[in-house]
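Below is one structure, written out as structure tokens, with a few remarks after it.
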Amino acid sequence: MLSSLHIILLGFFLIKCNGHGSISDTPSVLAQSKLVTSLIVDLGYEQYQGYHNSSFNLNTWLGIRYAAPPVASLRWRAPQKPARNRDKVIKAAAFPPRCPQGPQAPLVPNYNYTGSEDCLFLSVYSPANASGPLPVFVWIHGGGYGGGQGNQDIGNLSAINHDGFVSVVIQYRLGAFGFLASDEVYNDGNVNAGLLDQHAALQWVQEHIYLFNGDPRRVTIAGESAGAGSVMLQAMAYNGTLGTSLFNNIIAASPYLPLQYPFYGWQPSQAYYTFARAVGCDLGRAYGNSSVTIIACLRAAPSHKLQQANAEVGASGTWGTWAFLPTTDFQFIHHRPSEQLARRAVNGLRVLSGNNAMEGAAFVIPNITTDAEFEAWLRLEYPLLSTADLNDIHTMYYAPGINATIPFATCGDCNGATAINVGSEAVGPGQRAINLYSETTFVCPSYWLAEAFDPKYGKQAFKYQYSVPAAQHGADLSAEGLRAETINVSPDFYKAFTTVWGNFITDGNPSIASSLANGNSNASYNAASRWPLFYTQGQGAYQMLNLNETGGIEYSAHVVAYPEPNVEQYKGPGLRNSIRQVDAYTWEGGRGARCDFWKRIGRRVPE
């Protein structure tokens with residue numbers, strides 16, 4: 001008589017043979033039994049010894065190699081399959097080395113830009129003793145495409161959702177190592193190498209996740225900030241022709257869309273040559289050898305010089321920017337996001353798309369206090385805009401007659417003040433800049449991504465705004481179970497929001513019980529129990545949920561890195577969930593119309 005473990009393993013075997021491989025490349029049921037019970041996983045090219053995390057009842061493998069080390073000859077090329085290495089079983093009990101880091105300008109004191117180029121690893125967290133196979137959650141970290149690493153702890157997110165899915169956290173090349181672009185890189189390598197790394201990790205999931213009790217047919221990819229921007233670009237990969245071959249669902253929390261130029265554009269080219277000069281390769285010199293090209297010189301350079309140049313060039317940009325970013329390469333990424341998403345050309349079936357109420361404060365130069373300073377900042381930030389564009393922006397982002405001194409708590413569709421002129425970090429021209437940057441870079445991309453998953457094409461989109469004060473960029477991670485909890489997020493809200501994510505991962509629908517959405521077991525109807533589709537033409541278009549709290553005790557604190565006034569926030573006791581359905585188009589004084597405007601002029605932004 002088969003034990004429950006053997007039944008589970010037999011399920012693995014059948015899945016592997018049903019469209020995902022052949023009997024010849026599948027370990028035997030007996031072999032899998034030994035591997036599972038000992039937490040040794042045989043990937044064919046390497047074997048890894050995992051460990052059991054009793055705190056969260058998760059079997060865990062940290063630092064699994066999914067691609068070959070990008071040695072000098074593989075710099076700025078697509079990732080390669082790992083070499084066969086079966087001399088020993090590798091212990092997978094420590095986070096992998098992080099990739100070299102590239103800073104956001106301006107450089108903060110004591111910034112540590114070091115890392116290892118051998119950083120293409122991922123980690124897997126599988127619920128112990130779970131019947132399977134389970135849905136798969138793939139997390140792509142943020143950090144402006146220049147920083148960050150795959151060391152996120154998904155234990156709380158998994159536990160609150162009853163260990164209903166297997167989790168994978170990936171790393172990818174960053175900064176100049178992942179996003180150096182120019183004609184020369186394109187002709188002798190690959191631009192967007194970091195995106196290709198992510199793509200390779202998703203292919204790894206399809207090939208190997210069954211060994212960890214995961215179902216490759218039910219994959220959700222997710223991220224925040226540049227991680228969410230990455231998710232958006234993976235949805236656009238190969239002009240949206242991949243269907244559900246790599247994933248079904250997408251969670252994009254504040255998708256970061258910086259200016260996206262063609263790979264040969266003036267900004268990527270300028271960054272390329274500035275980087276080459278910093279390394280010592282500006283004239284094609286390989287340290288005295290003038291017969292080689294710039295890219296050959298860069299490939300021959302010591303890693304420490306490349307890392308130092310990566311940091312120097314990144315620190316020299318305009319306030320709040322990163323120097324090396326995804327570009328339109330016409331191969332992996334065929335079009336600008338605002339253009340392709342408008343054509344509904346996307347991979348996957350469903351999206352949960354979110355933004356925060358105050359995204360832009362950390363990215364806008366502080367102390368913009370006059371209209372002239374606002375306009376100077378606007379011309380510097382978006383140098384390709386026409387005079388007509390600037391005139392339209394002045395009209396849309398200026399609300400006369402608003403008392404800019406009134407206290408402001410995000411309400412979105414209230415009469416009077418909106419985020420155009422009054423915010424928790426600034427008022428008047430300063431807030432205009434913050435809100436404009438928020439919309440062009442995070443908010444409107446979240447709208448465009450949701451629009452792309454149109455029910456008319458057999459897809460579904462669900463939309464939300466995270467508004468718990470101060471709702472700065474990244475604050476939602478503390479309410480999603482991916483960062484330490486904070487005092488302004490009540491236990492009721494935390495459980496509700498993490499369950500929203502969990503239900504979407506496991507069921508493809510973020511709806512939660514009304515009692516959970518309201519908190520304190522209040523079972524009166526809440527729109528979160530039947531989460532509306534974002535966009536259904538002719539009926540209920542642009543519907544989203546505003547996720548907020550009321551009550552609590554007021555306190556103030558800094559919420560961004562640079563000196564700013566303390567921001568009013570609220571802590572318990574007394575915090576209560578406030579989750580309600582709103583019209584995303586009329587929200588914040590007509591945000592939907594402003595996003596339509598940015599889409600129309602996207603070529604001149606470019607985005």
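Every read-out reported here was derived from the displayed coordinates using simple, explicitly stated rules and does not represent laboratory data. If you're wondering where the values come from, they're calculated on a predicted model, not measured in any experiment. Because the Cβ atoms are built from the backbone with ideal geometry, glycine has one as well, and the counts that use them run over all protein chains shown.
Table for the structure above
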quantity	calculated
Segment Ile40-Ala388, length gained on full extension (0.36 nm per residue, minus Cα span)	119.0 nm
Cα pair count fraction exceeding 21 Å, expressed as % - segment 136-269	42
Relative packing of peptides 87-94, 244-251, 98-105, 443-450 - highest average C-beta neighbours within 10 Å first	443-450, 98-105, 244-251, 87-94
For segment 509-607: rounded, prolate or oblate by the Cα gyration tensor [a/c cutoff 1.5]	oblate
Close Lys-Lys pairs in the chain, where close means Cα under 24 Å and separation is 8 or more or interchain	10
Label-point separation in nm, Arg603 to Thr486, each point 7 Å along Cα→Cβ	4.1
Nitroxide proxy distance, nm - points 7 Å out along Cα→Cβ at Gln537 and Phe330	3.0
Approximate spin-label separation Glu373-Thr550, in nm, with each point projected 7 Å along Cα-to-Cβ	3.6
At 1.567 mPa s and 4 °C, Stokes D of segment 349-604 from Kirkwood alpha-carbon radius, µm² per second	69
Spread of Cα-to-Cα distances over 10 Å intervals beginning at zero, given as percent, for segment 344-401	15, 36, 28, 17, 3
Net length gained if the chain between Asn112 and Ala523 were fully extended (0.36 nm per residue, minus Cα distance)	143.0 nm
Gain upon complete extension [Val89, Asn187; 0.36 nm per residue less C-alpha separation]	31.3 nm
Scattering profile of segment 195-345 at q = 0.12 Å⁻¹ [log10 I(q)/I(0), Debye over alpha-carbon scatterers]	-0.66
